[in-house]
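One structure is given here, and the rest of the page talks about it.
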Amino acid sequence: MEIKLRLTQALSIAGASLILTTGAFANQLINGGFELSPPASGFGNHIGHPITPWVLGSGNSSNVIRTNQGINSTGDGPRSDASGTASGTIRHYLDITNGSNDFYQTFTSSCTGEATFGGYFSTRGDSGGNATVTLRNGTGFTGSIVGQSNPVALSGGNSHTDPWTLVSYTGQVQAGNTYSLVIAMDNSMNFDEAFVNIKGCADDGDGGTGPGPIIFDEATNLGDLVPIDFDDVVINIPADNCCPPINEEAIIRQLTPVFQPGGGSNAKYRLNFSATSQFNNQMQSYLNYVHSMKPPINALISKWTIYDKGPGALGSPVPTSPGWGTSIDAFYTNFHITNPINHGNTSSSYDMKPNNWYRVQVGTYFNGGNKFFPQTCESADYWVNWQVGGNKSSGSNGSAGSFVISDGKKEIARVKVESKAQPKSMSMKKSATLKRF
């Protein structure tokens, strides 16, 4: 069963249309589009600019190409990257300087299933080029190949304007194993928008829909929870008057529940923030577009706050008490036109307790009090509750409870949490179906 949750947010601004899309599960890769800590100025070549966490081989240097999507010259390569974002948006892609090289990025598979991996290629100097895309076991260039090495050959043409070519391949991966996506390309090729997406991460085999799986250590020592995925759900959010691409689904995808080690089935927890590449790319693209329409706007700031909304034992309804509740944690995310992305994080303290409702609220605004989107776009939130009890009895394995997500009015998803000591299929049954946010 293919994970299909897609969030599409269409923005109509002065007659133009900007489409923002985010996946149900995060790309396994970071900086697949070479948009993290990019060059700050100048269009075209930036030889030797770092592409962390990608690792270069012993060949020629990296060359990060800075574009504004079709306006300024970028040297021998395309004048736009592979993202398809609007003209005037600052974007980037990768070239290898005056030669060839291999480069890779390592990831640990979040589940067992079929991985779809690849990216986009284009040519340079109107010449044909060659590359290979390979998924390997372990870290680096020499691990055994998953599936096969996949050659890519592009014919010469008009490198400035020819469309980027998508390549996509598949291979089987195992949860918890380490893999490397390895790209090799010659002097006449560019690369952009790399991805590794894994089919079946949230498939419990019963054809149901909803969140899952949640995987953690032995019931007596709950470890880190992995991000919650939603399978077979398509959420289409209509054009909503220029709102930034941050809403309930986007918020959920950036926060991972992490349980206090040694806390047992009543462990306290915290929500760890880790921005996906999709979130960073979309927020940055949105800011770049708004800046092109209103130049004084050069920063997009969001304040993330967690509020205590009171007790909520297993089976209790979502509280309806007015007000935000008591703030227990807060941090900021920052996007800027020229400065690198700068994000904070939640406290490292495990301050969130079981059988209690919490509200995660995100307020978004521009620098200097500048306004662009309507006031209704300024805030988004969702509620969480780690409800323990379930069917677990002392000395036995079984359900430790449920992790519950609410829209603040009703429960929209419930994940039944099982002990890892159960059969190691890592496939958790769901007790609720996610309809939409």
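Phi-derived couplings, Karplus 6.51 cos²θ - 1.76 cosθ + 1.60 at θ = phi - 60°, listed residue by residue for the range 378-385: 7, 9, 9, 7, 8, 10, 9, 7 Hz, with x used for Gly and Pro. In this simple spin-label model, placing a label point 7 Å from the Cα along the Cα-to-Cβ direction at both I328 and S349 gives a separation of 1.1 nm.
Just to confirm a number: summing +1 for Lys and Arg and -1 for Asp and Glu over residues other than W304 whose beta-carbon lies under 14 angstrom from that of W304, what do you get? Charge balance in the 14 Å sphere: 0. Spatially, the range 58-135 and the range 345-376 are offset by 34 Å when compared through their Cα centroids. In this simple spin-label approximation, L166 and N339 carry label points 7 Å from Cα along the Cα→Cβ vector, and these lie 3.6 nm apart.
Once you order the gyration tensor axes a ≥ b ≥ c over the Cα atoms, which shape class does the range 52-118 get: rounded for a/c under 1.5, otherwise prolate or oblate by comparing a/b with b/c? Because a/c hits 1.5 or more and a/b fails to exceed b/c, the range 52-118 counts as oblate. Using the Cβ-Cβ distance between S37 and N158 with R0 = 30 Å, the FRET efficiency computed as 1/(1 + (r/R0)^6) comes to roughly 0.45.
Efficiency by 1/(1 + (r/R0)^6): what FRET value for F141 and T320, r their Cβ-Cβ distance, R0 = 60 Å, to the nearest 0.05? The partial results should precede the final answer.
On the way: r = 57 Å, r/R0 = 0.95.
It comes to 0.60.
What the Cα atoms of the range 26-199 give is an Rg and a Dmax of 15.4, 44 Å.
Which order results if D308, D81 are arranged by neighbouring Cβ count within 10 Å, fewest first?
D308, D81
Pairs exceeding a 32 Å alpha-carbon distance, out of K268/K371; K294/K409; K353/K409: K268/K371; K294/K409.
Every number in this text was worked out from the coordinates using simple rules, so none of it is lab data. This is a predicted model, so every value here is computed, not measured. All Cβ positions, glycine included, derive from the backbone under ideal geometry; neighbour counts span all protein chains shown.
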